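**Q** The structure's right below; bear with me while I get my questions together.
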């Protein structure tokens, strides 16, 4: 049980780290986009140069937003899976303990009767 939960914890940690990185990248892209939009508005740079850079940055921004959405969904699933796994394993452990107790009791009962 602990091994399975450790794997889920590792996956959760990895996704959280990647999510933080993607959020930082997204902030950096926005810092790059703002001056480009300003330059386009005031005409301080050539339109074609700005548009090419805007297109590239917007594409990267869209990809990062999609990745963040996916990571958010994965984090929810991993969290649910960890809780469900723990509950299932605890239930199975309880069932196994109950079965062992019943087997022991029936073994003791049959020995008592045969004496």
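The values are calculated or read from the model by the stated rules, or taken from the named source; none is laboratory data. Not measured: the values here are computed from a predicted model. Glycine gets a Cβ as well: all are built from the backbone with ideal geometry, and neighbour counts include every protein chain shown.
**Q** For the list (1) touching a residue at least 60 places away in the same chain (Cβ under 8 Å); (2) more than 29 Å from residue 87 (Cβ to Cβ), I need the number of the one condition that residue 62 fails.
**A** (1)
**Q** Is it fair to say residue 89 is surrounded by 12 or more Cβ atoms within 10 Å (Cβ to Cβ), over 15 Å from the mean Cα position of the chain (by Cα), at pLDDT below 80 and in a helix (DSSP H, G or I)?
**A** It is true that residue 89 is surrounded by 12 or more Cβ atoms within 10 Å (Cβ to Cβ), over 15 Å from the mean Cα position of the chain (by Cα), at pLDDT below 80 and in a helix (DSSP H, G or I).
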